[in-house]
Amino acid sequence: MAGMVIIGAGECGTRAAFALREAGHDGPVTLIGEEPHLPYERPPLSKTTPVTPKPIAEPARYAAAKIERLTGVRVSRIDPARRVVESADGRAFAFDKLLIATGARARRLPGMEAARTLRTLDDARDILGALDGGARLGIVGGGFIGLELAATARAIGARVTVVEAAARLMARAVPQQIAAVTEARHRAAGVDIILGAEVRQAGPDRIALADGRAIECDIVVAGVGAVPETGLARDADIAVDNGIVVDGALRTSAPDIFAAGDCCAFPYRGGRVRLESWRAAVDQASHAAAAMLGSTEAYARVPWFWSDQYELTLQVTGLAEPGLPTLRRDLGDGAFILFQLGGDGRLVSASGVGTGNAVARDIRLAEMMIERGVSPDPQRLADASVNLKALLKG
């Protein structure tokens, strides 16, 4: 019997399955996952040790919701005309509506094929399980994943070297001032950071730089971004452009086929973006479920990201634009937020860093301001004595 089929049992796919039930759908729901594990949260993988998976839902919840959960099943083909999903083991799953939530895979640049990557539970167990106080860990890439892993490894006592091609850390994610705070914290913890370095070859136990330097390691991890899993869509002649192309309701170019999470490229404020974000996966899961049940509402949530490194928490809402100036709001104890205003005066991004939850409240208010299109007074925005709630109402 045909029903709702979801390819991908990560954060987005799993939550979409439950969202279908919560919205009142009582027909068949099939959740197909390639990994052998119970669906789990990915953010803790780079932040905690020992590696203990945190389930998105316990097995009893799937049974209670009558969700057919398949693990260790690789989908080999989507046939939009026949409305069938085929698996590598020869099974076929008919669908009324299909959600592609295949996520992304770790990027492997030329010369880094032999390095480890951190994307799955098995990856985390492999890497962190091999680290101890005497281990030498080399990380290629100074983004969120690489730096979170560096902080976790230092807590174990491992010696860590981070190699970044750009002139600073997290160049695509946060403004320079926040990157500088994070870099200083890592250096204080004993992490050796090499910036502006071209990697000629990496892995499994050595990083060779273009300038002739070589870094000997026990483990090498490449953290140089992720690539959306679009192969199934492309082979089915579904439009793909840096992700599976969807409209505001997360519909693909094929009838009754939707895509959500890390694998999709969706409209955002006049452009098209693809996010690798826990929040986006959660938000798009419920939106996709509603769309599969007939909703045509456009997805309009503001992007939000976070990273925990040592005692520091970084939070970003909106999409920071490198060419825009920033306004700084100091919150005390070293915590601060950097705001960016667009040419029309509207708030477009807010990036903060501080200990624990120091920036969380103001970042949440900034997220609401971006969502509502507020044009705040710049001086009041930078003045920590002014409650952001007043600017939100204004």
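Considering only the stretch 329-374, state which residues are more than 26 Å from the chain's Cα centre (by Cα) and under 20 Å from T182 (Cβ atoms). I'd like the intermediate steps shown before the answer.
In the first step, residues of the stretch 329-374 are kept if they are more than 26 Å from the chain's Cα centre (by Cα); the result is 329-334, 343-345, 374.
Once the filter is applied, which keeps residues that are more than 26 Å from the chain's Cα centre (by Cα) and under 20 Å from T182 (Cβ atoms), the stretch 329-374 yields R329, D330, L331, G332, D333, G334.
Between a residue in the stretch 222-246 that is within 18 Å of R107 (Cα to Cα) and any residue that is basic (K, R) and in a loop (DSSP other than H, G, I, E, B), which pairs come within a Cβ distance under 6 Å, given they are 6 or more apart or on different chains?
Filtered contacts from the stretch 222-246: V224/R107; G225/R107; A226/R107; V227/R107; N242/R274; G243/R274.
Tell me the residue from S385, S351 that is of a type in the set (S, T, N, Q), farther than 30 Å from P44 by Cβ and either outside any helix (DSSP H, G or I) or in contact (Cβ under 8 Å) with a residue 24 or more places away in the chain (or both), please. Give the steps one after another, and end with the answer.
Numbers: S351 fails: farther than 30 Å from P44 by Cβ.
Within the list S385, S351, the selection yields S385.
Conditions tested, residue by residue: (1) more than 30 Å from C217 (Cβ to Cβ); (2) part of a loop (DSSP other than H, G, I, E, B).
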{"residue": "R69", "(1), (2)": "yes, no"}
{"residue": "D89", "(1), (2)": "yes, yes"}
{"residue": "L98", "(1), (2)": "yes, no"}
{"residue": "R119", "(1), (2)": "no, yes"}
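For residues that are within 30 Å of G143 (Cβ to Cβ) and of a type in the set (D, E), scanning just the stretch 25-69, find the one that is nearest to the chain's Cα centre (by Cα).
E41
With respect to R301, is the statement that it is over 25 Å from G248 (Cβ atoms) and charged (D, E, K, R) true?
Working: over 25 Å from G248 (Cβ atoms): no; charged (D, E, K, R): yes.
No, not satisfied.
Say we look at the stretch 145-200 and pick out the residues that are in a helix (DSSP H, G or I) and among the polar types (S, T, N, Q); which of these is surrounded by the most Cβ atoms within 10 Å (Cβ to Cβ)?
T152
Pull out all pairs, ordered by first then second residue, where Cβ-Cβ is under 6 Å, the residues are six or more apart or on different chains, the first lies in the stretch 200-216 and is of a type in the set (S, T, N, Q), and the second is outside any loop (DSSP other than H, G, I, E, B).
Hits for this filter: Q201/A208.
Which of the residues belonging to the stretch 251-284 are in contact with a helix residue (DSSP H, G or I) (Cβ under 6 Å, 6 or more places away or on another chain) and either of a type in the set (F, W, Y) or not in a helix (DSSP H, G or I) (or both)?
F258, A260, E276, W278, listed by residue number.
Determine the pairs where a residue that is more than 15 Å from G24 (Cβ to Cβ) and of a type in the set (A, V, I, L, M, F, W, C), located within the stretch 280-293, has a partner that is at pLDDT 95 or above and not in a helix (DSSP H, G or I) with Cβ atoms under 6 Å apart, the partner being 6 or more residues away or on another chain.
A288/L99; A288/L250; A288/F258; A288/A260
Modelled with pLDDT under 95 and of a type outside the set (D, E, K, R): which single residue out of L319, L293, L312, L250 fits that description? Quick ask: steps written out before the conclusion?
Values: L293 fails: modelled with pLDDT under 95; L312 fails: modelled with pLDDT under 95; L250 fails: modelled with pLDDT under 95.
None of the other options fit; the residue is L319.
What number goes with the only condition from (1) assigned to a loop (DSSP other than H, G, I, E, B); (2) within 21 Å of K393 (Cα to Cα) that F339 does not pass?
Tallying (1) assigned to a loop (DSSP other than H, G, I, E, B); (2) within 21 Å of K393 (Cα to Cα), F339 fails exactly one: (1).
Within the set of pairs 6+ apart or on separate chains, which have a first residue in the stretch 44-70 that is over 30 Å from E311 (Cα atoms), a second that is aliphatic (A, V, I, L, M) and part of a helix (DSSP H, G or I), and C-beta atoms under 9 Å apart?
Partner pairs satisfying both residue conditions: Y62/A17; A65/A17; A65/L20; I67/A17; I67/L20; R69/A17; R69/A63.
Only one residue in E367, E311 is among the acidic types (D, E) and within 19 Å of A280 (Cβ to Cβ), so which one is that?
Of E367, E311, the one residue that is among the acidic types (D, E) and within 19 Å of A280 (Cβ to Cβ) is E367.
Would you please list the contacts, defined by Cβ atoms under 8 Å and residues six or more apart or on different chains, that run from a residue in the stretch 15-39 that is within 16 Å of A94 (Cβ to Cβ) to a residue that is basic (K, R) and in a strand (DSSP E or B)?
From residues that are within 16 Å of A94 (Cβ to Cβ), the pairs are L31/R69.
The values are calculated or read from the model by the stated rules, or taken from the named source; none is laboratory data. Remember, it's a predicted structure, so these values are computed and weren't measured experimentally. Because the Cβ atoms are built from the backbone with ideal geometry, glycine has one as well, and the counts that use them run over all protein chains shown.
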